[in-house]
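The values are calculated or read from the model by the stated rules, or taken from the named source; none is laboratory data. Treat the numbers as computed from the prediction; the structure is a model and nothing was measured. Counting neighbours? That spans all protein chains shown, and the Cβs are built from the backbone with ideal geometry, glycine included.
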Amino acid sequence: MPPIASPLAVREGETEADEVSGSPKPMMTGRRSGVEQLLVIAFVIIPLSALIAAIPFAWGWGLNWVDAGVAIGMYLITGLGVTVGFHRHFTHSSFKANRPLRVALAVAGNLAFQGTTTGWVADHRRHHAFSDRDGDPHSPWRFGSSPAALAKGFWHAHLGWLFDRNLTNRERFAPDLVADRDIQRVDGQFIWWALASLAVPALIDGVATLSWWGALTGLFWGGLVRIAVLHHVTWSINSICHMFGERPFAARDRSANFWPLAILSFGESWHNLHHADPTCARHGVQRGQIDISARLIWLFEKFGWATNVRWPTQRRLDRLSV
Ligand SMILES: [Zn+2]
Ligand SMILES: [Zn+2]
């Protein structure tokens, strides 16, 4: 990969443009309280411990079809809540959603244990505004491009940035969501959605097997392990997809298309196209690039729930190609 002199130095000509056209509001505002910080740590560490425990657990007691089915179902709902909801709809407005769909997407995203709609969107819009430069909440290039700096940068972009107690200014980066009363109501109930995200798989598994043991394995596989897998897939877009892969489109950062994660990330790992054309509803635009999120948006459009979908056009893609 080509070396870059100073990874996070703002490129010439961009600082002023960003500052002049940008909002005068500060980039960050306030800090997390001690309790909130503890919750963030717990939300990361507990599912991760379950993921590590899953290996001997699966070896010893097996994983039955009910556990697997519940876990996959929950992964689909919460993962698509993040990719189609938090990311493509709320952050980038790549399509308009009617009110029930909009609220449902916010709920599905809140179930993913990745914070609220408003917080997620504010962080992610800041990522696009400053991608791989000073101000990016999670660039793997933050510390430089030597192997040691990249190892440290990988950790920071994947997970470490979550523990920064300084909060992205929502009034600056997500004023549309701050003003949306329905979304604020859903976000205000975040802790209940998080509990439901654990309780629902336990309940389904418990009822399906008519046993407390089933409820426990449902909580473990459909709750904790599923949350941890989705966490790491989502975080890999921030870390791996800004380091490794192909860059067929002109983006002003180090974003790359990383095919091995295409299915698990529901098309989000076609990240180079996404940075080249952030509002595009489809990220996997080249031949054979599977994009499950785009397929779901297409379905929503067919039902009439999604409108103004920004589908890619050949002319636009030709212009974006390097
Ligand atoms: Zn990115
Ligand atoms: Zn994005």
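Suppose the filter is surrounded by fewer than 22 Cβ atoms within 10 Å (Cβ to Cβ) and either among the charged types (D, E, K, R) or in contact (Cβ under 8 Å) with a residue 24 or more places away in the chain (or both); does Phe190 pass it?
yes
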- Does Ser321 satisfy being within 15 Å of ligand 2 (Cβ to nearest atom) and over 15 Å from His128 (Cα atoms)? no
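Yes/no matrix, rows are residues, columns are (1) more than 18 Å from Arg254 (Cα to Cα); (2) surrounded by fewer than 22 Cβ atoms within 10 Å (Cβ to Cβ); (3) more than 14 Å from ligand 1 (Cβ to nearest atom):
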{"residue": "Phe113", "(1), (2), (3)": "yes, no, yes"}
{"residue": "Thr117", "(1), (2), (3)": "yes, no, yes"}
{"residue": "Arg126", "(1), (2), (3)": "no, yes, no"}
{"residue": "Ala129", "(1), (2), (3)": "no, yes, no"}
{"residue": "Gly135", "(1), (2), (3)": "no, yes, no"}
{"residue": "Ser139", "(1), (2), (3)": "no, no, no"}
{"residue": "Ser146", "(1), (2), (3)": "no, yes, yes"}
{"residue": "His158", "(1), (2), (3)": "no, yes, no"}
{"residue": "Asp164", "(1), (2), (3)": "yes, yes, yes"}
- Message: Every residue in segment 254-277 that is in a loop (DSSP other than H, G, I, E, B) and either crowded, with 22+ Cβ neighbours inside 10 Å or in contact with a strand residue (DSSP E or B) (Cβ under 8 Å, 6 or more places away or on another chain) (or both), please.
- Response: Arg254, Ser255, Ala256, Phe258, Ala262, Ser265, Phe266, Gly267, Glu268, Ser269, Asp277
- Members of segment 240-253 found to be assigned to a loop (DSSP other than H, G, I, E, B), more than 14 Å from Leu317 (Cβ to Cβ) and of a type outside the set (A, V, I, L, M), listed by number: Phe244, Gly245, Arg247, Arg252, Asp253
- Item | Test: residue in segment 74-94 that is touching a His at 6+ places or on another chain (Cβ under 6 Å) and either at pLDDT below 95 or within 16 Å of ligand 1 (Cβ to nearest atom) (or both) | yes
- Filtering segment 269-299 down to residues that are among the charged types (D, E, K, R) and more than 13 Å from ligand 1 (Cβ to nearest atom), which residue is farthest from the chain's Cα centre (by Cα)? Arg287
- Looking only at segment 62-88, which residues are within 16 Å of ligand 2 (Cβ to nearest atom) and in contact (Cβ under 8 Å) with a residue 40 or more places away in the chain? Gly79, Leu80, Val82, Thr83, Val84, His87, Arg88
- Message: Tell me the residue from Ser131, Ser145 that is within 16 Å of ligand 2 (Cβ to nearest atom) and either touching a helix residue (DSSP H, G or I) at 6+ places or on another chain (Cβ under 9 Å) or within 22 Å of Val44 (Cα to Cα) (or both), please.
- Response: Ser131
- Item | Checklist (1) among the β-branched types (Val, Ile, Thr); (2) surrounded by fewer than 15 Cβ atoms within 10 Å (Cβ to Cβ); (3) under 19 Å from Thr91 (Cβ atoms) applied to Val309, failing item | (2)
- Looking only at segment 278-306, count how many residues are farther than 20 Å from Ala262 by Cα and either in contact with a Pro (Cβ under 8 Å, 6 or more places away or on another chain) or surrounded by fewer than 23 Cβ atoms within 10 Å (Cβ to Cβ) (or both). 6
- Note on the structure: Flagged in segment 166-183 as surrounded by 17 or more Cβ atoms within 10 Å (Cβ to Cβ) and among the polar types (S, T, N, Q), in numbering order, are Thr168, Asn169
- Tally time: how many residues in segment 215-258 are more than 12 Å from ligand 1 (Cβ to nearest atom) and either without any contact (Cβ under 8 Å) to a residue 12 or more places away in the chain or within 20 Å of Val84 (Cβ to Cβ) (or both)? 7
